[in-house]
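Visitor: Once you've had a glance at the structure underneath, I'll fire off some questions.
The values are calculated or read from the model by the stated rules, or taken from the named source; none is laboratory data. As the structure is a prediction and not an experimental result, all values here were calculated from the model. Virtual Cβ from ideal backbone geometry, glycine too; neighbours counted across all protein chains shown.
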Amino acid sequence: MWLRNLLYVVLKSQSKNRCLNIYFCTYLCINKKEIKIMATETATKWVIDPMHSEVQFKVKHLVISTVSGFFKSFNGELITESDDFENAEIDFSLDINSIDTNQTQRDEHLKSAEFFDAEKYPQITFKSTSFTKTDDEEYELKGNLTIKDQTKPVTLDVEFGGSAADFYGNTKAGFEISGKINRKDFGLTWDGVTEAGSIVVGEDIKLLINIQFTKQA
């Protein structure tokens, strides 16, 4: 008899604890959803305005001069939870086939398997890992850059140009991004040498990106 009473008390206690656990888990799930919804509501999305943006690169030719080029097709977005853009999340991609160095033969060579291999790797992508304010209008942008399926961390300098409304009432924000990468870190290892021993293409690539973002409603 006493054993049956003891078993009843234990089962009743476990039942109460189980109910409390269910209630507690349900409470946590609801609050997590509420927190997620609140975060979504406070976040602001900005998208690149390609008509007022450009992606430029520079590389040494024969060591003595610089050749400039552009990528004409690209897109990206910026997600921020503050007016000063600190800790913003940035995603960016560009189309290799849109490369333009003002010389068709050179462009085709750059798109070939000896360089970017655009047929196999049609895009260059970047995803930020941090966006830190270092001065009133300056930021440090860190992220992962992927070229030819090789991903490396890079650090870029960013200058905030300001924000303004356009003729249509859209809020715009402008940034200038600059930095340098070594092309060989990303599998761009082609080397050409002249008969005199001069290197045709330098290893370091300077990046200069002017981006205008449009705030989304």
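Visitor: In the list Phe57, Phe70, Phe115, which residue meets the criterion of being in contact (Cβ under 8 Å) with a residue 40 or more places away in the chain, closer than 30 Å to Val201 by Cα and out of contact with any Gly (no Cβ under 9 Å at 6 or more places or on another chain)?
Guide: None of the others qualify; the one that does is Phe115.
Visitor: Moving to a separate point now. Hey, can you tell me all the residues within the range 177-187 that are within 20 Å of Gln56 (Cβ to Cβ) and either assigned to a strand (DSSP E or B) or small (Gly, Ala, Ser) (or both)?
Guide: Ile177, Ser178, Gly179, Lys180, Ile181, Asn182, listed by residue number.
Visitor: For the range 168-176, indicate whether the set of residues that are small (Gly, Ala, Ser), in a strand (DSSP E or B) and in the same structural domain as Ile96 (by TED's automatic domain parsing) is non-empty. Spell out how you get there, then give the answer.
Guide: Taking the range 168-176 and keeping what is small (Gly, Ala, Ser), we get 169, 173-174.
Applying the additional criterion that residues be in a strand (DSSP E or B) yields 173-174.
Now drop any that are not in the same structural domain as Ile96 (by TED's automatic domain parsing), which leaves 173-174.
The answer is yes, given that some residue of the range 168-176 is small (Gly, Ala, Ser), in a strand (DSSP E or B) and in the same structural domain as Ile96 (by TED's automatic domain parsing).
Visitor: Residues in the range 126-160 that are part of a strand (DSSP E or B) and surrounded by fewer than 16 Cβ atoms within 10 Å (Cβ to Cβ): how many?
Guide: Number satisfying all stated conditions: 15.
Visitor: Can you go through Val67, Val63, Val59 and tell me which one is modelled with pLDDT under 95, assigned by TED's automatic domain parsing to the domain that holds Asn144, of a type outside the set (Gly, Ala, Ser) and on the phi > 0 side of the Ramachandran plot?
Guide: Details: Val67 fails: on the phi > 0 side of the Ramachandran plot; Val59 fails: on the phi > 0 side of the Ramachandran plot.
Checking each option against the conditions leaves just Val63.
Visitor: Sticking with this one: Keeping to the range 100-112, report how many residues are exposed (fewer than 12 other Cβ atoms within 10 Å of the Cβ) and farther than 19 Å from Val55 by Cα.
Guide: Number satisfying all stated conditions: 1.
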